[in-house]
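Asks: There's a structure below that I have some questions on.
The values are calculated or read from the model by the stated rules, or taken from the named source; none is laboratory data. What you are looking at is a predicted structure, and each value in this text was computed from that prediction instead of being measured. Because the Cβ atoms are built from the backbone with ideal geometry, glycine has one as well, and the counts that use them run over all protein chains shown. For the accessible areas, the whole protein counts, side chains as well, though only heavy atoms, and no ligand, DNA or RNA atoms are used. Shrake-Rupley method; radii C 1.70, N 1.55, O 1.52, S 1.80 Å.
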Amino acid sequence: MAEGKLRVKLPVLGSDGEDQVSRRRFLALFGASAALATGAGCKPSGNRAAIVPYTKKQEEIVPGIADYYASTFQEGEVAYPVLVKAREGRPIHVEGNDEHPRYRGKTSFHATADLLGLYDPDRLRAPMQDGRLTTWNVAIDRLASSLRESAGRSAVLITGAVISPSRKTLIARLIEAVPGLRHVEWEPSADHAGRQAERALYGESRLPRHRFDKAWVIVALEADFLGTLGDTVSAIAGFASQRRPDSFAGGMNRLYVLEGGMSLTGSRADVRLPLRPSALARIAFGLVHAVALRAGRPLPEGMDAAALDGFALDRLPEAKPFAAALDALVRDLIAAGPKSLVLAGPAASTDAHAACLILNHMLGAEGVTVASDESVAAPVLATPEELAKVLADMAAGRVAAALFWDVNPAYDVPGESAWQAALARVPLRVRLGLLPDETAASCNLVLPTNHWLESWNDFETSRDTLTLQQPVVAPLYDTLQGEDVLLRCLAELGHPAGKSYQDFLKQRWQEEVQPQGSPIPFARFWNTCLHDGLLHRKAEPAATRVLDGTALARAAAGAAQAARPTLELVLDLDPRLHDGRYANNGWLQEMPDPIQRTSWGNPLALSPADADRLHLKNGDLVTLDRGPALPIVRQRGQAEGVVRLTLGHGRSAGSVAAQVGTRAWSLTTAAGSRVVAVDAIRPTGGHQDLALAQDHDTKDGRDIARLWSMAEFARKPQHEREAEDFPSLYDKQEQKGPRWGMASDLSACVGCGACVVACQSENNIPVVGPEQVRKGRAMHWMRVDRYYEGEGTATSVVHEPMLCQHCDNAPCETVCPVQATNHGPDGINQMAYNRCVGTRYCANNCPYKVRRFNFLDFTGETPESMQLAFNPEVSVRPRGVMEKCTFCVQRIRNAEQVAKRDGRGLRDSDVVPACASACPASAIVFGDISDPKSEVSKLSRSNRGFHVLEELGTKPAITYLAALKNPSGRDGGER
Amino acid sequence: MKSNRTIPQSKLPRRTWLGAVAAVAAAWTGWKAGVRRTDAPRLSVSTSRRPRSSDSPRAPLVVRPSPDSVKRHG
C-alpha cells in the first residue's frame, strides 16, 4: 500500500520498469567496483617477507663476498673434483677444482647443473613410513629391527657403484653386523659388455683410464667418449689438446668412428663409418687380422691364428663399402703403434670389446694410452641378469628387507611386471634417496638423504689421488646422509661404528690415509685436504696384466656367429639426462641435444633414407614392435637400417621429469643389451611438434662456420692473420682501458654444451618449457649451433658456440629508442634492463640472433627453494625485457675491484667468464684484445681466425678459429 | 511542506551497468593473469605439475653454512 503511494508520489521520469537504475547509483556501483578492484590489486602479497639485516650474523659469512669450497661430485664410477661458490651460505655455482692435476679446473656440466638438485622443490624433506610422516628414531628403529629379524631370510642392499673407500668400509661393517645382508651395486648406465670382456680376457676389471692426450690415432666403435662414456671431461680435455695445431706442421690426432647413429664423438670424427652395431665385432676382428697380418704383430699367447681366418677385411661383406677407409685405418694403427687407442662402447657386443682389448695389446697401447697401471680395481657391478636374479629371490619371498640407496630400479630395470612381482613379497622396502621417485613410490619406508652438496665422503678412482667431498651448506631439510642412516642402524644393532659419518671418515683417514709417522698433526692434514679437495699420494703402478688368448678365440667364434637383423635399435645414454637421474633438472631438459638440437624429449632418430622410404618428416609418429608411439627426427649421417633412441626420458615421477619423452629402458632386453632387433617401423599417421632449438641444418651457403681439412689448411697462408678493415659509416669506438673479447676454437670445441649450462647457472637464465621452445623463445644466452656439411657417409659436423658478439659497430645499439642497449667504455655491449621498454628492435636488428626477450614472466613465481640458486650478482629479469650475454660483466667488475684493492692492474687470467671456465676442451679464451700479448689477442691473429658475418661491418669482439679435420687419404695431412 | 516536484534523472538499464562492472573486473583479471602467467614453467619447475604435498611434507627451509667445512678463499 505504502509502496504504491510512494510510486505515485515520486514518479520517475522515463521509467519503464525495475530494470532501470539511476545514473547516480550506476556511478556509485562503478566507483565501488573500481575501488575494490584497485584495492584487491594493491594488497600486499601473502608470501612477501621483510628484508632484515643480519641480527645474528654467521661468523663464516661476509655479506656480498663469495666463499668457495672444494668438494667432489660422483657420477657412477667417476668422481669429478669441483669448486663450489657460495653466497651468504647458499651454493650458487659449481665449477671444476683447479687443484686437481687431471681435471685442472674443469668438471662435468652435470655437476654444474645438479645445483638445481639441491634446491629441487620436489625433494623429500622428512622420513615417511607407510605414506605418513614419521621421525628418524622411529624409522631407524623399524629398519634396524627388520634387519635384526631377517635371520633365515636375507636382506638386500642395492646401491650405485661404490667408489668411496670409506663408504665401502661402512657397508662391510653393516654386512658383518647383519650376516644375511647382500650388497648389490647397480649402475644401469655401466658398460656391462665391456666389463664382461675385460674380465674374460684379464681375469679382472679396472676403472677405465684412457690417455687421449697421448693418442695419435683413436678408433671408437659405438664409443661416445666425448658425450656419454665414462669420464667425458678428461676425454674431451685430452682429445682437444691434440686438435689445435698452430700451423700445418703442428700435427693433429685422427679419430675414426664406427657407429650406427650419430653421436657427439661421431660428429667430431675425421673419418666416420656408418655401420650397423651387429657388424662391429666382425670388423673389429678384421682389424685384428689385418694388424697381425700386415704388421706382423704377434698374437697373444694361447690364441690360434686360425681363429681369425674368416675375418679378412676384404672378405667381410659389411666392410666392402668402406674398404679404402678401413685400409687407411689399419695403416694408421700400425704407424701409430703404442700411440693408438681402440675403444668400444656399451652398444658394441662383448666380442667387439674383446677385439678392441687385443688390438690395444698388440699395438702396445696398454700402459701408454690405456693407462690401466694408473687405475684402481673397478667396483663389482651387478649385470642386468644378476639383478634379475635378486628380483627373482624377492619375488620368491626369500628377502625380508630391501634397501634401495641412490638407485631407481623401478625406472631403469627392464620389465615393470618383474619389479612389481618382486616388491610385492618383500615385507620391508626402504628407499634412501633425494626425491619421491618411482622406486620410492613402491617402498613403505622412505628416508630422505642429503644432497651431495650437504654430504661428506671420499673417492678413489686413480692410484695417485683421493678426493674429498665436504658439505657446502648444512642440510636444508630434516634429512640425513645415507651413511649416517647406516651408522645409526649399526648403533641400534649393537655395533656402533661412529657418532656420525663425518667422524667415521675422519677416523678412517687418520688411521689409514695419513702417512704413518707423519710429523704433521692430523687436524692440519685433514684441513689441508679439505681445503684442496684432494690428496696427492705416491702410488706404485698396478701390476701389468696378462691377456688370456684362449678367451679371445671364444670371442672370435662368437663374432663370426653374430646375427644380422634387418633393423637395429640402438639405445644410448642421453648426453644431458644420463640414465635418467637428471631428468627432474629443468636446465638439462631444456638444453638442446648437441646433434639433434631437440630439447624436452627423445625423438627416435632415423636415417634420411629410411625416413624417405616411409615418407616421414620430423615429428611424425611411429611405433616399433612394442612400446608407445614415438616422434621421429631425421638424422644425417645415420646408417640405414639403424634407429636410435636415448635413455633417461619418460619418467613417471618428478614435477619436471614426468611424462617428458619416452622411457627407452622398457625396450632394453633382459640381458641389458643396448642393441635390440626390431621387425618394422610403422607410421601411425600422427604428428608431434618437436621442441627444436635450431631449424637450419646447413649453413645455406654462408661462410658462418668454417671446417677445413688439413690439406685445405696447408693451402692457407701460414702466417698471422691481418684484420680486414671493412668501410664503415660509424666512427671508430674510443677505448678506455681494456677491450674485452673472446676467441673460440672450433677445432677444439666438441659441442658438449657445458658452456650453455654454466652460463645458465651463472646468469639466472630461466627455463621456459617445451611450448615456448617450440615458439623459438628459449632464453639461453649462449647456444652451440650445429651445421652439417656433406651428405650420406660423407656427413661432417661443425659445432659453433654462438653468443653476443659485442660488436664495435653493434646494429642493436643504433635502433634502441631508449638507449637501453649501449656501448661500454671497455667494448661491452651493455643492457640496462630497467630502461628497456621491450620494443624488440634490437633483437630484430641483430644478425647473430643472440638476443632473448622475456615474452612471459618466466621467473616471477620461482619456488622459494629455487630462488636460493639465483646468483645475487646478476639481475633477475622481468617480463617485457630484452636480455643477452654480458661477457659475465659481474666477473669483470669483481676482478677489477680485486685488482684495485691489491693496487695492481688487471692480469690476463683475472677474468674468466662462466662459459670459458666450464669448457672442458678449453676452446673458449677470454681477455683483453687490445693487449697484443694477451692469449686472446694471439689467438685472434691465428691464421685460422675469422669473424662470423664479418662482411656486415659489425666488428665483432669474438674471433672463431676454423675447425680442422684430419681425414686419411688424399685430403688428409701427415701427422 | 514536502515538494512534489520530481528530480529529473536519466536512467541506465541494469544490463548496462552490470556489463560495465563485469568489464572492469574482467579487464583487471586479464591484466593480472597476463603479468603473472601461472601456467608458464618456472626455473626448473613446471607449476602445472607441482609435487604432491603428501609426498613431501613442507619442512622449514633453513640455510646455514656447514660448521666443519673448510673454505678455499672468500
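Asks: In this structure, is residue A:948 at pLDDT 95 or above, crowded, with 21+ Cβ neighbours inside 10 Å and assigned to a helix (DSSP H, G or I)?
Replies: Numbers: at pLDDT 95 or above: yes; crowded, with 21+ Cβ neighbours inside 10 Å: yes; assigned to a helix (DSSP H, G or I): no.
Judged against the criteria, residue A:948 is not a match.
Asks: Now a separate question. Among all residue pairs at least 6 apart or on different chains, which show Cβ distances below 9 Å where the first residue, located in the stretch A:274-294, is within 14 Å of residue A:565 (Cβ to Cβ) and the second is among the basic types (Lys, Arg)?
Replies: A:276/A:564; A:277/A:674; A:278/A:564; A:279/A:564
Asks: Is it the case that residue A:649 is crowded, with 22+ Cβ neighbours inside 10 Å and part of a loop (DSSP other than H, G, I, E, B)?
Replies: On the way: crowded, with 22+ Cβ neighbours inside 10 Å: yes; part of a loop (DSSP other than H, G, I, E, B): yes.
Answer is yes for this residue.
Asks: Could you go through the stretch A:810-825 and let me know if any residue there is under 26 Å from the mean Cα position of the chain (by Cα) and either more than 30 Å from residue A:951 (Cβ to Cβ) or open to solvent by 30 Å² or more (accessible area, probe 1.4 Å) (or both).
Replies: Step one: of the stretch A:810-825, the residues under 26 Å from the mean Cα position of the chain (by Cα) are none.
No, the stretch A:810-825 contains no residue that is under 26 Å from the mean Cα position of the chain (by Cα) and either more than 30 Å from residue A:951 (Cβ to Cβ) or open to solvent by 30 Å² or more (accessible area, probe 1.4 Å) (or both).
Asks: Can you tell me which of A:530, A:534, A:547, A:487 is farther than 16 Å from residue A:454 by Cα, crowded, with 17+ Cβ neighbours inside 10 Å and under 31 Å from the mean Cα position of the chain (by Cα)? Before you say what the answer is, go through the steps one by one.
Replies: On the way: A:530 fails: farther than 16 Å from residue A:454 by Cα; A:547 fails: under 31 Å from the mean Cα position of the chain (by Cα); A:487 fails: under 31 Å from the mean Cα position of the chain (by Cα).
So the residue among A:530, A:534, A:547, A:487 that is farther than 16 Å from residue A:454 by Cα, crowded, with 17+ Cβ neighbours inside 10 Å and under 31 Å from the mean Cα position of the chain (by Cα) is A:534.
Asks: Going through A:144, A:139, A:161 one at a time, which residue ends up being of a type in the set (A, V, I, L, M) and out of contact with any strand residue (DSSP E or B) (no Cβ under 8 Å at 6 or more places or on another chain)?
Replies: Details: A:139 fails: out of contact with any strand residue (DSSP E or B) (no Cβ under 8 Å at 6 or more places or on another chain); A:161 fails: out of contact with any strand residue (DSSP E or B) (no Cβ under 8 Å at 6 or more places or on another chain).
Testing whether each residue is of a type in the set (A, V, I, L, M) and out of contact with any strand residue (DSSP E or B) (no Cβ under 8 Å at 6 or more places or on another chain) leaves just A:144.
Asks: Could you identify the single residue in A:180, A:203 that is more than 23 Å from residue A:492 (Cβ to Cβ) and away from chain B (no Cβ under 14 Å)?
Replies: On the way: A:180 fails: more than 23 Å from residue A:492 (Cβ to Cβ).
Only one candidate qualifies: A:203.
Asks: Answer yes or no: is there a residue in the stretch A:751-774 that is in contact with a His (Cβ under 7 Å, 6 or more places away or on another chain), assigned to a loop (DSSP other than H, G, I, E, B) and either at pLDDT 95 or above or crowded, with 16+ Cβ neighbours inside 10 Å (or both).
Replies: Yes; the residues of the stretch A:751-774 include at least one that is in contact with a His (Cβ under 7 Å, 6 or more places away or on another chain), assigned to a loop (DSSP other than H, G, I, E, B) and either at pLDDT 95 or above or crowded, with 16+ Cβ neighbours inside 10 Å (or both).
Asks: Checking residue A:702 against (1) closer than 30 Å to residue A:949 by Cα; (2) not hydroxyl-bearing (Ser, Thr, Tyr); (3) not in a loop (DSSP other than H, G, I, E, B): exactly one of these is not met. Which one?
Replies: For residue A:702, the failing item is (3).
Asks: Identify the residue in the stretch A:120-176 that is part of a strand (DSSP E or B) and within 14 Å of chain B (Cβ to nearest Cβ) and, among all such residues, is least open to solvent (accessible area, probe 1.4 Å).
Replies: Just the residues of the stretch A:120-176 that are part of a strand (DSSP E or B), to begin with: A:128-129, A:132-133, A:154-159.
Next, only the ones that are within 14 Å of chain B (Cβ to nearest Cβ) stay: A:128-129, A:132-133.
On the way: A:128: 18, A:129: 43, A:132: 178, A:133: 110 Å².
Step by step, filter the stretch A:120-176, then rank; the result is A:128.
Asks: Would you mind finding the one in A:712, A:734 that is at pLDDT 90 or above and open to solvent by 50 Å² or more (accessible area, probe 1.4 Å)? I'd like the intermediate steps shown before the answer.
Replies: Details: A:734 fails: at pLDDT 90 or above.
Unique residue meeting the criteria: A:712.
Asks: Given the residues A:88, A:18, A:75, which is the only one that is at pLDDT 95 or above and either acidic (Asp, Glu) or open to solvent by 50 Å² or more (accessible area, probe 1.4 Å) (or both)? Before you say what the answer is, go through the steps one by one.
Replies: Details: A:88 fails: at pLDDT 95 or above; A:18 fails: at pLDDT 95 or above.
So the residue among A:88, A:18, A:75 that is at pLDDT 95 or above and either acidic (Asp, Glu) or open to solvent by 50 Å² or more (accessible area, probe 1.4 Å) (or both) is A:75.
Asks: Return the residues of the stretch A:777-795 that are under 23 Å from the mean Cα position of the chain (by Cα) and more than 14 Å from chain B (Cβ to nearest Cβ); say none if nothing qualifies.
Replies: Matches in the stretch A:777-795: A:781, A:782, A:783, A:784, A:785, A:786, A:787, A:788.
Asks: Continuing with this model, one more query. Output the residue which, of all residues in the stretch A:656-709 that are within 14 Å of chain B (Cβ to nearest Cβ) and of a type in the set (A, V, I, L, M), is surrounded by the fewest Cβ atoms within 10 Å (Cβ to Cβ).
Replies: Looking at the filtered set, the residue picked out is A:658.
Asks: Sticking with this structure for a sec: Return the residue satisfying two criteria in turn: it lies in the stretch A:550-594 and is within 14 Å of chain B (Cβ to nearest Cβ) and in a loop (DSSP other than H, G, I, E, B), and of such residues it is surrounded by the fewest Cβ atoms within 10 Å (Cβ to Cβ). Give the steps one after another, and end with the answer.
Replies: Going through the stretch A:550-594, the residues within 14 Å of chain B (Cβ to nearest Cβ) turn out to be A:576-577, A:582-591.
So of that shortlist, the ones also in a loop (DSSP other than H, G, I, E, B) come out as A:576-577, A:582-585, A:591.
Working: A:576: 29, A:577: 25, A:582: 21, A:583: 27, A:584: 29, A:585: 25, A:591: 27.
Checking each candidate, the answer is A:582.
Asks: Does at least one position in the stretch A:887-898 carry a residue that is more than 18 Å from residue A:756 (Cα to Cα) and part of a loop (DSSP other than H, G, I, E, B)?
Replies: The initial filter retains those residues of the stretch A:887-898 that are more than 18 Å from residue A:756 (Cα to Cα), namely A:892-898.
Imposing the further condition that a residue be part of a loop (DSSP other than H, G, I, E, B) reduces the set to none.
Checking the stretch A:887-898: not a single residue is more than 18 Å from residue A:756 (Cα to Cα) and part of a loop (DSSP other than H, G, I, E, B).
Asks: Would you check if residue A:116 is open to solvent by less than 30 Å² (accessible area, probe 1.4 Å), within 14 Å of another protein chain (Cβ to nearest Cβ) and outside any loop (DSSP other than H, G, I, E, B)? Lay out the reasoning, then the answer.
Replies: Values: open to solvent by less than 30 Å² (accessible area, probe 1.4 Å): yes; within 14 Å of another protein chain (Cβ to nearest Cβ): yes; outside any loop (DSSP other than H, G, I, E, B): yes.
So residue A:116 passes the test.
Yes/no per residue for (1) in contact with a Gly (Cβ under 9 Å, 6 or more places away or on another chain); (2) farther than 20 Å from residue A:759 by Cα; (3) within 14 Å of chain B (Cβ to nearest Cβ):
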{"residue": "A:826", "(1), (2), (3)": "yes, yes, no"}
{"residue": "A:836", "(1), (2), (3)": "yes, yes, no"}
{"residue": "A:839", "(1), (2), (3)": "no, yes, no"}
{"residue": "A:842", "(1), (2), (3)": "no, yes, no"}
{"residue": "A:845", "(1), (2), (3)": "no, yes, no"}
{"residue": "A:862", "(1), (2), (3)": "no, no, yes"}
{"residue": "A:870", "(1), (2), (3)": "no, no, yes"}
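Asks: Applying the selection to the stretch A:336-350, what residues are among the small types (Gly, Ala, Ser), closer than 23 Å to residue A:264 by Cα and not in a loop (DSSP other than H, G, I, E, B)?
Replies: Of all residues in the stretch A:336-350, those among the small types (Gly, Ala, Ser) come to A:336-337, A:340, A:344-345, A:347-349.
Okay, now just the ones that are also closer than 23 Å to residue A:264 by Cα, so A:340, A:344-345, A:347-349.
Answer for the stretch A:336-350, where residues must be among the small types (Gly, Ala, Ser), closer than 23 Å to residue A:264 by Cα and not in a loop (DSSP other than H, G, I, E, B): A:340, A:344.
Asks: Under the condition of being farther than 22 Å from residue A:266 by Cβ and out of contact with any Asp or Glu (no Cβ under 7 Å at 6 or more places or on another chain), which residue from the stretch A:351-370 is surrounded by the most Cβ atoms within 10 Å (Cβ to Cβ)?
Replies: A:354
Asks: With the stretch A:403-462 as the region, which helices (runs of 4 or more DSSP H) entirely inside it contain at least 1 residues that are open to solvent by 10 Å² or more (accessible area, probe 1.4 Å) and within 14 Å of another protein chain (Cβ to nearest Cβ)? Break it down into steps so the answer makes sense when it comes.
Replies: Values: elements: A:409-412, A:416-424, A:438-441.
Once the helices (runs of 4 or more DSSP H) in the stretch A:403-462 are filtered for at least 1 residues that are open to solvent by 10 Å² or more (accessible area, probe 1.4 Å) and within 14 Å of another protein chain (Cβ to nearest Cβ), what remains is A:438-441.
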